[in-house]
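Notes for the one structure printed next.
Read-outs throughout are calculated quantities, based only on the coordinates presented, and are distinct from any laboratory measurement. If you're wondering where the values come from, they're calculated on a predicted model, not measured in any experiment. Cβ atoms come from the backbone with ideal geometry, glycine included; neighbour counts cover every protein chain shown.
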Number of protein chains: 2
Amino acid sequence: MLQLDTQSLQQKMPQTLKSTVMVIGGAEDKVHGREILHTFFTRAGGSEAKIAIVPCASREPSAIGDRYNKIFTEMGATSIELLDIRERTQGEDPKWQEYMEECTGVFMTGGDQLRLCALVADTPLMEKVRMKVREGKIVLAGTSAGAAVMGHHMIAGGGSGESPNRSLVDMATGLGILPDVIVDQHFHNRNRMARLLSAIASHPDRLGIGIDEDTCAMFQGDGVIEVIGKGTVTIVDPGSTFATNEQQVGATDPLSLYNMRLHILCHGDRFELRQRISRPTHP
Amino acid sequence: MLQLDTQSLQQKMPQTLKSTVMVIGGAEDKVHGREILHTFFTRAGGSEAKIAIVPCASREPSAIGDRYNKIFTEMGATSIELLDIRERTQGEDPKWQEYMEECTGVFMTGGDQLRLCALVADTPLMEKVRMKVREGKIVLAGTSAGAAVMGHHMIAGGGSGESPNRSLVDMATGLGILPDVIVDQHFHNRNRMARLLSAIASHPDRLGIGIDEDTCAMFQGDGVIEVIGKGTVTIVDPGSTFATNEQQVGATDPLSLYNMRLHILCHGDRFELRQRISRPTHP
């Protein structure tokens, strides 16, 4: 039985993150209020924004890139570059690293998170993005697959409609922008609670974050997640007295997970990463 | 914002329940090991068992009743009665109340929980069953719809694939055998976490119990839930610092639920209702 002292994680959690990292649950409004995309645009500098779109998760990077390009152009961004990387070597291209020097916001689209990681993980370009985020110089946003890659441990796929079990979730290595969380997206929309719990059973030193569609968990420099959008952000906190049978059972056996804390947060709610407590909108 | 002191609930919880009440998540094994059904049979007295089958939730009560009749006959029960109630007046039939005097186990089948309640709630027969459970004289089991009716507040129906919201769950009044819990069944199999959370937001003075298929939460006289079967029992405990925006938002708006405790329990795990703590199988 794994008994866990999360003290170290709680101290480590907020790290030296200075930027806003916007983790979006997919299917964000692109037509009407565009609240989440507009928040990204605003935080990236508004009319001063210099935006990079990373469409590499998609198998139709031009089409999806053009769609976001049009949106941010309509909002009035100063410049927009489409980092249409189709081979890893393109991640070494000096022109894009140069653009990163002046860039104020990076937006990663949806698609397949394994594809995105395969193309950009550990490239000089992505290291530059990571450094700029750490320095508080750019706003980073990712939606759907672009959200899934944020953690060190990444949910690459999985199922639903079963008791939590290890084989219900496929794990891989993400970009590690927010290393201490495991992100799942389209969360309640695609009934992903059981797979997030299955992931947490294997990695109880992480915080599980399930984000609904058209909803964003904004990780802010002050160690606070703020929720915006139409749905909920689910936080599964294994906490300091967590225990699991994960080490004792087979891959398809049901998992026990004892003594977790659970928060369902809506627009305006805040969650303090250091203390692991939620701050309601309606106090 | 509703702030809740669950002290009173925690003291009230185990009540004067002396019997075992077996709350089964549906689709229990009827062919091979029949573990859950055999446990019911054993606790009802084994070869001494005098069993009543309540098939009223089903629209095919004869067929479903016969199926369980055959199973318990094969196991070697002394007597079996099918309480095939099709009108509420039958719940006043003295012959069935007499059978209750010697009956050692009552089994409620699946079907539609609203139908079951409409036919038997508050009838003299059901009052007799309730009294016998309270006195520790019979084992009561219910599967699927027969499980849903156990609480005072009953989930009558609902949806999935959405952020928790009030309109995601239809509530009704159950039989109140275990008044302090809200039961959901086919739980992870049908992705019902969001609807159970929606129910808890409206009734945070209750404990949410989600039971997977072929799995049973056995409420025992000592105030302990013991889990048996193939899947998991999910316990959503609003706890003493719970809060929600349920009173502030519209019926289809997403719900916030702060500071819950969550346990996923497997075969052999135990949960103490008084202290609200889980007792792992693998300590």
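Summing +1 for each Lys or Arg and -1 for each Asp or Glu, what net charge is found among the other residues whose Cβ lies under 13 Å from the Cβ of A:S167? Could you put the intermediate results ahead of the total?
Values: positive: A:R166, A:R195; negative: A:E162, A:D170, A:E246, A:D253.
Taking every Cβ under 13 Å from that of A:S167, the sum is -2.
Report, in debye and to the nearest 20, how large the dipole of region A:135-283 comes out about its Cα centre when Lys and Arg carry +1 and Asp and Glu carry -1 on their Cβ. All intermediate terms of the calculation are to be shown ahead of the outcome.
Details: 12 positive and 16 negative charges, 24 e Å.
The dipole of region A:135-283 has a size of about 120 debye.
Suppose the chain between B:E98 and B:R86 were pulled fully straight at 0.36 nm per residue; how much longer would it get relative to their current alpha carbon spacing?
Numbers: separation 12, 0.36 × 12 = 4.32 nm, distance 1.89 nm.
Length gained, B:E98 through B:R86: 2.4 nm.
How would you rank A:H263, B:H267, A:H203, going from fewest to most other Cβ atoms within 10 Å of each one's own Cβ? Intermediate results must be reported in sequence, preceding the final value.
Numbers: A:H263 23, B:H267 20, A:H203 17.
Fewest to most other Cβ atoms nearby, the residues stand as A:H203, B:H267, A:H263.
If r is the Cβ-Cβ distance from B:T78 to B:T252 and R0 is 56 Å, what FRET efficiency results, to the nearest 0.05? It would help to have the intermediate numbers written out before the result.
Numbers: r = 53 Å, r/R0 = 0.94.
My answer for the efficiency is 0.60.
Towards the positive end of the charge dipole of region A:7-267, with charges on Cβ (+1 Lys, Arg; -1 Asp, Glu), say which of A:T39, A:A57, A:C117 has the farthest Cα.
A:T39
Set the Förster distance to 45 Å, then compute FRET efficiency between B:R279 and A:T173 from the Cβ-Cβ distance, nearest 0.05.
Numbers: r = 35 Å, r/R0 = 0.79.
Once rounded, the FRET efficiency stands at 0.80.
When only Cα pairs under 8 Å and 6 or more residues apart are kept, what is the percent relative contact order across region A:7-267?
Numbers: 661 pairs, mean separation 55.4, N = 261.
RCO, region A:7-267: 21 percent.
What range in chain A is the longest one free of trypsin sites (Lys or Arg not before Pro) that are in a loop by DSSP and have at most 11 other Cβ atoms within 10 angstrom?
On the way: sites that count: A:R59, A:R86.
Longest site-free region, per DSSP loop and neighbour criteria: A:87-283.
Could you state the angle between the C-alpha long axis of helix A:124-134 and the longest principal axis of the C-alpha atoms of chain A, as a value from 0 to 90 degrees rounded to the nearest 10?
The helix A:124-134 is inclined about 70 degrees to chain A.
Please order A:T78, A:T215 by the number of other Cβ within 10 Å, starting at the fewest. Working shown, then result.
Working: A:T78 15, A:T215 31.
Going from least to most buried by this count: A:T78, A:T215.
At a Förster distance of 41 Å, what's the computed FRET efficiency of A:A63 paired with B:S202, Cβ-Cβ distance as r, to 0.05?
Numbers: r = 44 Å, r/R0 = 1.06.
Result of the calculation: an efficiency of 0.40.
Nearest 5 is fine: what % of DSSP beta bridges in the protein assembly as shown come out antiparallel, could you say? Let's see the in-between values first.
Details: 67 of 109 bridges.
The antiparallel fraction comes to roughly 60 percent.
Relative to the Cα centre, what is the charge dipole magnitude of the protein assembly as shown, using +1 at the beta carbon of each Lys and Arg, -1 at the beta carbon of each Asp and Glu, and rounding to the nearest 20 debye? Intermediate values should be presented prior to the final figure.
Working: 58 positive and 70 negative charges, 98 e Å.
With only Lys, Arg, Asp and Glu charged at Cβ, the dipole is about 480 debye.
Calculate the all-directions average of the projected area of the protein assembly as shown's alpha-carbon convex hull, and give it in nm². Mind dumping the intermediate values first?
Working: hull surface 102.2 nm².
Its average projected convex-hull area is 25.6 nm².
I want to check a number: in chain A, how many lysine pairs have alpha carbons closer than 20 Å, given a sequence separation of 8 or more or different chains?
So the count works out to 17.
If the only charges are +1 at each Lys and Arg Cβ and -1 at each Asp and Glu Cβ, what is the size of the charge dipole of region A:7-267 around the Cα centre, to the nearest 20 debye? Before the final figure, lay out the partial values.
Details: 25 positive and 32 negative charges, 30 e Å.
The dipole magnitude comes to about 140 debye.
Could you work out how much longer the chain between B:A118 and B:K70 gets when fully extended? Use 0.36 nm per residue separation minus the Cα distance between them, nm to one decimal. Intermediate results must be reported in sequence, preceding the final value.
On the way: separation 48, 0.36 × 48 = 17.28 nm, distance 2.67 nm.
That works out to 14.6 nm of additional length.
For a quick check: with amide H placed at 1.01 Å from N, whose amide H comes under 5 Å from B:K18's, ignoring anything fewer than 5 positions away on the same chain?
B:G136
Please compute the Kirkwood hydrodynamic radius over region A:7-267, one decimal place, Å, based on all pairs of different Cα atoms. Each step should come with its number before you reach the end.
Details: mean 1/r = 0.0545 Å⁻¹.
Result for region A:7-267 stands at 18.4 Å.
When each copy gets a label point 7 Å from Cα toward the beta-carbon at A:G223, what are the spacings between them in nm, shortest first?
3.8
Which distances, shortest first and in nm, link B:Q248 to the matching position in the other copies, using label points set 7 Å out along Cα to C-beta?
4.2
Using a label point 7 Å beyond Cα on the Cα-Cβ vector, give me the inter-copy distances for A:V31 in nanometres, one decimal, shortest first.
Here A:V31 shows inter-copy label distances of 4.6 nm.
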